[in-house]
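Report on the following structure.
Just so it is clear, none of the values below were taken in a lab; they were calculated from the coordinates. These figures come from a predicted structure and were not determined experimentally. We place every Cβ from the backbone using ideal geometry, glycine too, and count neighbours over all the protein chains shown.
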Amino acid sequence: MFYGAVVWDPWLIVAQIVCLQCLYYLTLGLFLSLLVGTRVSRLSLVYFFDFAAVTMATVTGWSVIAAFVLTAVAGAGYMLYLIERAKKCLDFSATLFIIHLFICIIYGGWPSSITWWVVNGTGLAVTSLLGV
């Protein structure tokens, strides 16, 4: 299909969002198991969705931060194959991180840590800029 032809397919967009979100969490799980799983006795959803786990005060917190940043880099690679349009990278990146914000709010409340906001803002920037 030529990119000049404007075809709005909402099912394709929803499928791309779901695939990108699933790949994001699968990759985050892989990096968390490699970086954090060796440091803690039990890996749980706290490291995925609780803002308190993203901290610079402990080595485990730094490992969580590294996992989120590496996942953002991988997310840019996923967008290269899933989205295939540079114009849509910011849209899909923002959607990815907004959905993540909503899940974090449901799981642990409003993120009140500045570190969480910086890490996720950096992840959004890295994903959208490298995806382009």
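Structure notes:
- Under the convention that each Lys and Arg Cβ holds +1 and each Asp and Glu Cβ holds -1, the size of the dipole of segment 14-132 around its Cα centre is about 80 debye.
- Mean-square fluctuations from a GNM of the chain, with a 10 angstrom spring cutoff on Cα atoms, peak among ALA52, ALA67, ALA15 at ALA15.
- Per residue, the chain reaches -23500 deg cm²/dmol at 222 nm when only DSSP H runs of four or more residues are counted, each adding -39500 (n - 2.57).
- Residues SER44 and ALA15, FRET efficiency given R0 of 30 Å [Cβ-Cβ distance, rounded to 0.05]: 0.55
- Note on TYR81 and VAL132: with the Förster distance fixed at 22 Å, the Cβ-Cβ geometry gives a FRET efficiency of about 0.95.
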